[in-house]
1. Show me the GluC sites (Glu not before Pro) within the stretch 562-660 that DSSP assigns to loop and that have at most 10 other Cβ atoms within 10 Å of their Cβ.
2. Sequence-distant or interchain residues sharing an amide H contact under 5 Å with ASN376, placed H: which?
3. Per-residue HN-Hα couplings for the stretch 278-286, Karplus 6.51 cos²θ - 1.76 cosθ + 1.60 at θ = phi - 60°, whole Hz, x for Gly and Pro?
4. Treating only the Cβ atoms of Lys and Arg (+1) and Asp and Glu (-1) as charged, compute the dipole magnitude of the stretch 207-248 about its Cα centre; round to the nearest 20 debye.
5. For the pair LYS452 and TYR774, how long in nm is the line joining their label points, each one 7 Å along Cα→Cβ?
6. Mind listing which trypsin sites (Lys or Arg not before Pro) in the stretch 607-679 are in a DSSP loop and have 14 or fewer other Cβ atoms within 10 Å?
7. List the pairs from LYS511/LYS532; LYS547/LYS673; LYS83/LYS281; LYS745/LYS771 whose alpha-carbon separation is above 26 Å, in the order I gave them.
8. Near the amide H of GLY367, under 5 Å away, which other amide H atoms are found, from residues 5 or more places off or on another chain, if H is placed in the peptide plane?
Amino acid sequence: MEIDSGSTQFTDFRSSDTNLNGGECMNPMVVNAFPVGIVHVINSGNVESEGDLRMEPSVGLEFNSSDEARDFYGLYAMRVGFKIRTGQLYRSRRDGSVSSRRFVCSKEGFQLNSRTGCPAFIRVQRRDSGKWVIDQIQKDHNHELGLEGENNSPVLQQKPPVAPKSLVEVLRRPKVKLLGQIENGGSSPSGIINFKRQKRGGDGRQPLPEPYTGLEFNTANEAYEYYQSYAESVGFRVRIGQLFRSKNDGSITSRRFVCSKEGFQHPSRVGCGAFMRIKKKDSGSWMVDRLNKDHNHDLGEQTVYVNKFSTASKKFIEEETNGMVSMDLGEMNTGKLIKRSRESKIGTDWYPVLLEYFQTRQAEDTGFFYSVEVDNGSCRSVFWADGRSRYSCSQFGDVVILDTSYRKSNYVVPFATFVGVNHHKQPVLLGSALIANESKECFTWLFQTWFKAMSCCRPKSIIADQDMAIQQAITEVFPRAHHRFSSWQIRAKERENLRSMPIEFRYEYEKCIYESQTTVEFNTTWNSLVNKYNLKGNAWLQQMYDKRESWVPLYLRGKFFAGIPIGETVESFFGTQVNGQTPLREFIPRYEQGLEQCREDERKEDFNSFNLQSFSQTKEAIEEQCRRLYTFTIFKIFQDELLQSYSYIGIKTYEEGTICRYLVRRSGNENDKHAVTFSAVNLSVNCSCQMFEFEGVLCRHVLKVFKLLNIRELPSQYILPRWLRNAEYRILCGAESRVSSQELKTFMTWSLRETACKYVECGTTSVEKYKLAYEIMREGGKRLY
């Protein structure tokens with residue numbers, strides 16, 4: 001039946017084996033068309049061709065609601081080969097109700113590296129009748145489209161399943177739906193490829209043949225699975241490239257399958273030229289007509305089929321779960337899925353709640369990142385970080401605390417956080433995680449995932465527990481970072497192991513640890529203590545001595561820890577709001593509340609540092625210099641050191657060429673003394689107290705020597721950008737020489753986004769502030785363009 005005018009209803013009846021989610025039958029969707037072109041309908045009421053709604057979007061097409069329009073556009077996108085998301089909405093000036101909406105291609109805009117500024121969209125407008133009508137449309141895309149029938153469901157428009165079993169079922173399926181499409185009006189009932197994989201040599205079966213020009217296949221799906229299998233045997237991955245359509249009837253005439261490293265849209269891509277193109281013959285079969293086997297990068301090792309779904313790779317698993325899984329599936333090592341059969345301490349009811357929260361946050365924050373470790377189809381550890389946390393890491397990721405204090409007691413959930421220290425010496429969140437268990441593999445996955453999420457930030461120092469699993473994971477992922485043991489765990493171990501020791505031993509033990517001034521003194525005192533109490537065979541003492549560089553203050557002073565006190569327990573970022581005892585129903589609200597409170601405190605300190613001035617107490621030029629540059633908190637630390645320097649006496653004890661050495665001691669206290677060495681060549685200085693190395697602020701002893709030498713300003717190398725008022729901008733400028741262009745672009749994006757957010761937050765507090773913020777941004781825009 002052909003319809004060229006009027007209103008017609010079409011109902012999409014999807015069977016349980018062809019619906020969008022692979023689950024139960026969906027409710028029928030009614031679309032009213034005003035007017036449409038030619039639509040073929042089967043008299044029984046089912047839409048022709050596998051139940052897909054084959055109607056093309058067009059101006060005038062009418063829907064009962066905007067959600068119905070979105071669903072229709074999502075089905076059309078799935079059929080054509082792209083994904084959609086919700087774009088702008090427009091409100092009525094009369095009553096503020098939504099008057100029109102835009103649904104756009106997922107590659108619209110440039111906020112993410114994967115987006116290409118695609119112009120494709122539809123806009124629906126609400127009529128007085130309450131109906132929604134397409135009034136604007138753009139069908140042309142500026143990027144490659146996926147294969148027709150590929151499960152490209154609307155992005156972030158559907159809620160994730162209410163139970164994790166759907167994900168588990170998908171991951172356990174023996175086959176994955178790939179390219180199931182309609183060829184010349186025929187149907188492919190299951191969408192599963194018919195091509196039987198040829199096993200490689202080594203198991204007595206026929207080896208997989210090399211691709212060559214002229215190789216024929218019955219279907220495009222068969223060609224795709226063949227090329228996937230070939231890629232696995234050689235050591236690379238495949239993705240779908242361009243498709244070409246006939247100018248006569250719009251049918252697909254040829255397809256390209258390319259190496260996953262083709263192009264440059266992502267940092268991991270290197271412009272590889274390897275591909276295979278297939279062309280449709282008049283007989284309906286497909287033939288390889290163009291081929292390039294040469295890669296411009298190293299190939300991985302040959303892989304084995306661990307699970308049948310491994311060849312479909314992460315991409316297709318994501319598509320089968322409606323884009324729900326933005327994760328690393330286990331650890332994909334050149335196509336091989338590593339199995340990890342370990343007990344998980346995370347309740348299964350946590351995953352769907354978290355995944356729904358992650359999707360909601362991704363819709364609001366394009367910088368939001370999350371990853372889920374999967375083992376044999378079961379979810380395990382979870383990591384997430386929003387755009388603000390990722391940007392904070394670019395500023396303050398030099399010192400990182402992995403807080404696993406949930407382990408102090410019986411916990412409901414193994415909740416852990418990555419925490420840094422900002423330029424106000426406040427804690428900043430650098431990521432959150434639920435940890436499946438305390439194995440080395442689990443912590444290795446966690447550190448590797450954090451490393452990827454933070455644009456390959458390598459911390460100088462990490463404060464974490466002393467468990468062997470954590471030590472090994474840090475050594476593997478961050479071999480150059482200095483691992484400092486958590487104080488709470490050191491204290492717990494000491495209480496456990498020193499309980500049976502004499503009081504005298506405990507006193508001498510504390511004195512050895514906290515009062516030793518040199519490594520020679522510490523080693524001598526420790527050995528004397530062990531011998532005196534006949535404890536040479538004590539395994540715990542021997543272990544602590546072997547790891548002394550990770551917990552004894554003497555060994556930690558020369559490492560940068562942003563001044564985090566040694567021997568003191570670091571406060572949890574969320575305090576008592578979120579911890580291992582927080583029940584599931586309260587977890588996300590408390591998490592959001594705690595995070596917002598901490599960030600509000602940071603905004604207040606930013607405001608104070610930029611709008612208020614500290615009082616000078618010495619009127620010296622060096623104090624005025626630091627008053628202008630440092631934040632309130634850091635300036636107070638510096639000012640105290642400067643004032644204390646007046647109580648010290650400096651005596652030159654050595655001079656040779658440009659090198660001088662001073663003994664600086666407190667007046668009236670012979671025991672409070674330190675050696676300061678100064679070089680006039682580059683104004684370099686170091687003190688035996690090592691405050692600058694540990695905290696990044698010059699000590700009173702160095703300031704005393706500077707005064708003796710009449711140095712009126714701090715040399716630039718002793719003013720760390722991380723402590724400045726404008727730390728964000730200064731760190732970004734310093735990053736130009738040490739990061740890739742892609743990472744620099746990411747830093748700039750986060751920096752501008754954070755600045756814009758501050759304008760929005762302040763500008764929406766009143767109409768007057770809105771007008772001012774708008775005028776400032778408009779004038780800035782003129783200068784920018």
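Here, each number is a calculation from the coordinates, and none is a lab measurement. From a predicted model like this one, the values you see are computed outputs, not experimental measurements. Note that we place each Cβ from the backbone using ideal geometry, even for glycine, and neighbour counts take in every protein chain shown.
1. Details: sites: GLU568, GLU571, GLU586, GLU592, GLU596, GLU600, GLU602, GLU605, GLU620, GLU623, GLU624, GLU641, GLU655, GLU656; in loops: GLU568, GLU571, GLU620.
Here the GluC sites (Glu not before Pro) that fit, given the DSSP loop and packing criteria, are GLU568.
2. ARG340
3. Once θ is set to phi - 60°, the couplings for the stretch 278-286 become 10, 10, 7, 8, 4, 6, x, 7, 10 Hz.
4. Values: 4 positive and 5 negative charges, 71 e Å.
Here the size comes out at about 340 debye.
5. 4.3
6. Values: sites: LYS619, ARG627, ARG628, LYS636, LYS652, ARG661, ARG665, ARG666, LYS673; in loops: LYS619.
Counting only loop positions with at most 14 other Cβ atoms within 10 Å, the trypsin sites (Lys or Arg not before Pro) in the stretch 607-679 are LYS619.
7. Numbers: LYS511/LYS532 15 Å; LYS547/LYS673 28 Å; LYS83/LYS281 29 Å; LYS745/LYS771 30 Å.
Where the Cα-Cα span goes over 26 Å, the pairs concerned are LYS547/LYS673; LYS83/LYS281; LYS745/LYS771.
8. GLY387
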